[in-house]
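Every read-out reported here was derived from the displayed coordinates using simple, explicitly stated rules and does not represent laboratory data. Keep in mind it's a predicted model, so treat the numbers as computed, not measured. Note: ideal-geometry Cβ built from the backbone for every residue, glycine included; neighbour counts use all protein chains shown.
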Amino acid sequence: MRNSLSTYHAGELAVQAQAGVQAEAARLTKIIGASINSTARDFLSTQRLAIASTIYRHGKVWTSLLVGKPGFIEVVAEQLVQIQTKVNPSDPLLENLSIHNDIGILAIDLATRRRLRINGKAMVQPNGYIDVRTQQVYFNCPKYIQVRDLVAHSDRQAAITEVYSYKALTPAQQQWITQADTFFIASFHPQSGADTSHRGGYPGFVQVLNATELVFPDYAGNNMFNTLGNIAQYPQIGLLFVDFVSGNTLQLTGTANIIWDTNRIAQFIGAERLVEFQIDRVLETINATNLSWEFAEYSPYNPK
């Protein structure tokens, strides 16, 4: 069994201790490997959706949407995957990788609630494909994932992609966020690299405090605290909201703070902690993908 002190960095260990779950977290180290086993290989061969975390200048963290045909994330070797997808030139992902080679990937199947995390080092090839040398590979639990089915024949003709940049949320973007039941979160730590995770709940679980501030609950999870552990020592994070019907995306970058105050936490049903997020920049992409998903059901784990 791995030593939890060598598997987790100081931020993760500190949050685990404050939450009182050190023993549970230590037991989970056995699921983390550096290689891609046959189960992970089979899973990746059928996926069409992934989320990537990368690091920009001055340490800003961004979350990007990656899509493709089944097999667009190809396992080349036990510790090497190649992502074969077109990245919009306005997305910061490729520029970020030219600055920092850390990358965190979350391959997620919304229909089956399965998700696989791959963290490692990336290299962009001349043809735009991204090679990732894996350092951490492991499946996550299905909690809080709303079931969505890929619409048949949803490889509709790609519409023109439009990207708009803002320093604060517009009223329409604020409404989008308050109606969302899913978002993705990117975080980073100099020791463990970039990481991507999923967050879900009933619409309204993310609250918009104003045009540059959000707050959202942290529900009971796997007790590893990869994301919150990163935030505890490196507060730069990125959020990604996806309109699963239209294919539009909303990317936010900024800084986060973990809230342990019980009075504030009590205002969110089911929350064990809160995360406050201060927005530095917003990218809204119209027609980020030509894929679309149809809502099927909410997660039974969503706090009511």
Inset, instruction - Find out how many positive minus negative residues lie around Q207, taking Lys and Arg as positive, Asp and Glu as negative, among other residues whose Cβ is under 14 Å from that of Q207. - result: -2
Inset, instruction - Work out, step by step, the length gained on full extension between K86 and Q278: first 0.36 nm times the residue separation, then minus their alpha carbon distance; give nm to one decimal. - result: 66.1 nm
Inset, instruction - Give the Cα extents of region 200-292 along the principal axes, in whole Å, largest first. - result: 42, 29, 26
Legend entry - Sorted by Cβ density within 10 Å, fewest first, the residues F244, F184: F244, F184
Inset, instruction - Using only the alpha-carbon atoms of region 1-87, report the extent along each of the three principal axes, biggest first, to the nearest angstrom. - result: 42, 37, 19
Inset, instruction - From the P(r) of region 85-241, can you give the percent of Cα pairs sitting at distances over 19 Å? - result: 63
Legend entry - Fewest-first sequence of W176, W260, W62, W293 by Cβ atoms within 10 Å of each Cβ: W260, W176, W293, W62
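From the P(r) of the chain, can you give the percent of Cα pairs sitting at distances over 36 Å?
For the chain, the fraction of Cα-Cα distances above 36 Å is 9 percent.
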Inset, instruction - Return, ordered by residue number, the residues of region 57-83 whose backbone nitrogen is under 16 Å from a label point located 7 Å along Cα→Cβ of R41. - result: 71-82
Legend entry - Protection proxy ranking, peptides 141-148, 235-242, average beta carbon neighbours within 10 Å, highest first: 235-242, 141-148
